[in-house]
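Visitor: My structure is below; once you've seen it, I'll send some questions.
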Amino acid sequence: MRRSVVVSMLALAAILIANNRANSEGAIAEGIAPGGVAKGYEFSVVVNRATTDVARTDAVARCKKKPEKVESGAAPDSGNARARALCAVVSTFHDKCVAFALDPKDGTPGAGWATGDTQEKADAEALARCRSVAGADRRDFCKVTNRSCDGAAK
């Protein structure tokens, strides 16, 4: 009796570990309006999906989705609408961390994303990419705005 309980528990543990590994696919989708990031930019990241295909589909769907709430007095959404229309998968990953860095000022070109084996590596690379395109007067305003890890990555 004890042996069958132990065997059952080991089988359950193996299934749980396999499920965690099986649900560790991620994807990044990005849309850039004609004229560049300063004219409109959208992105999304999904993690812990069952397959790469599911991750890709979910990332594009999120990227194309119009925000439900728009702040009163906000500028028209035409640039971001054009960016959303162009959303496409730019990267897929497995057991990685991801970060997005942006210059928060509207109409600026600072944006960058990265994946890495650790959150710190992804953050540093995303910031470097944002700063490299933000322009000399805006590079110090880049900051990590979104971050996440997939599967076993930390």
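The values are calculated or read from the model by the stated rules, or taken from the named source; none is laboratory data. Note that the structure is predicted; figures quoted are calculated from it, not measured. Cβ sites come from the backbone with ideal geometry, for glycine too, and all protein chains shown count toward neighbours.
Visitor: From the set of residues in region 103-126 that are free of Cβ contacts under 8 Å to residues at least 60 places away in the same chain and surrounded by 22 or more Cβ atoms within 10 Å (Cβ to Cβ), which is farthest from the chain's Cα centre (by Cα)? Reasoning before the result, please.
Guide: Within region 103-126, the first condition is being free of Cβ contacts under 8 Å to residues at least 60 places away in the same chain, and the residues that meet it are 103-106, 112, 114, 116-126.
Narrowing further to those that are surrounded by 22 or more Cβ atoms within 10 Å (Cβ to Cβ): 103, 112, 114, 122, 126.
On the way: D103: 16, G112: 11, A114: 9, A122: 11, A126: 11 Å.
For region 103-126, the residue satisfying everything is D103.
This table checks each residue for (1) modelled with pLDDT of 95 or more; (2) of a type outside the set (G, A, S); (3) part of a loop (DSSP other than H, G, I, E, B); (4) within 16 Å of G36 (Cβ to Cβ).
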| residue | (1), (2), (3), (4) |
| --- | --- |
| T92 | yes, yes, no, no |
| F100 | yes, yes, no, no |
| G112 | yes, no, no, yes |
| E120 | yes, yes, no, no |
| A124 | yes, no, no, no |
| V133 | yes, yes, no, yes |
| A152 | no, no, yes, no |
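Visitor: Consider only pairs whose beta carbons are under 8 Å apart and that are at least six residues apart or on different chains; among these, list those whose first residue lies in region 139-151 and is among the β-branched types (V, I, T) and whose second residue is part of a strand (DSSP E or B).
Guide: V144/A99; V144/F100; V144/A101; T145/F100; T145/A101; T145/L102
Visitor: Going residue by residue through region 72-86, is there one that turns out to be of a type in the set (D, E) and over 16 Å from E25 (Cα atoms)? Before the answer, list the steps.
Guide: If we filter region 72-86 for residues that are of a type in the set (D, E), which is where we start, we get 77.
Next, from what is left, pick out any that are over 16 Å from E25 (Cα atoms): 77.
Scanning region 72-86 turns up at least one residue that is of a type in the set (D, E) and over 16 Å from E25 (Cα atoms).
Yes/no per residue for (1) farther than 22 Å from K65 by Cα; (2) more than 16 Å from the chain's Cα centre (by Cα); (3) surrounded by 11 or more Cβ atoms within 10 Å (Cβ to Cβ); (4) at pLDDT 50 or above:
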| position | (1), (2), (3), (4) |
| --- | --- |
| V7 | yes, yes, no, no |
| A14 | yes, yes, no, no |
| N20 | yes, yes, yes, no |
| G26 | no, no, yes, yes |
| G31 | no, no, yes, yes |
| S44 | no, no, yes, yes |
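Visitor: What number of residues within region 135-144 satisfy the criterion of being part of a loop (DSSP other than H, G, I, E, B) and of a type in the set (A, V, I, L, M, F, W, C)?
Guide: Matching residues across region 135-144 total 2.
Visitor: Across region 47-66, what is the number of residues that are closer than 15 Å to G31 by Cα, in contact (Cβ under 8 Å) with a residue 12 or more places away in the chain and surrounded by 15 or more Cβ atoms within 10 Å (Cβ to Cβ)?
Guide: Number satisfying all stated conditions: 7.
Visitor: Follow-up question, since we're still on this one. Name the residue, out of R129, R147, that is closer than 17 Å to E30 by Cβ and assigned to a helix (DSSP H, G or I).
Guide: On the way: R147 fails: assigned to a helix (DSSP H, G or I).
That would be R129, the only listed residue that is closer than 17 Å to E30 by Cβ and assigned to a helix (DSSP H, G or I).
Visitor: If you don't mind, another one. Could you tell me which of the residues G116, G135, G112, G107 is out of contact with any Phe, Trp or Tyr (no Cβ under 9 Å at 6 or more places or on another chain), under 18 Å from N80 (Cα atoms) and not basic (K, R)?
Guide: Working: G116 fails: under 18 Å from N80 (Cα atoms); G135 fails: under 18 Å from N80 (Cα atoms); G112 fails: out of contact with any Phe, Trp or Tyr (no Cβ under 9 Å at 6 or more places or on another chain).
Within the list G116, G135, G112, G107, the selection yields G107.
Visitor: Looking only at region 134-154, how many residues end up being in contact with a strand residue (DSSP E or B) (Cβ under 7 Å, 6 or more places away or on another chain), within 11 Å of A101 (Cβ to Cβ) and among the aliphatic types (A, V, I, L, M)?
Guide: Residues in region 134-154 being in contact with a strand residue (DSSP E or B) (Cβ under 7 Å, 6 or more places away or on another chain), within 11 Å of A101 (Cβ to Cβ) and among the aliphatic types (A, V, I, L, M): 1 in total.
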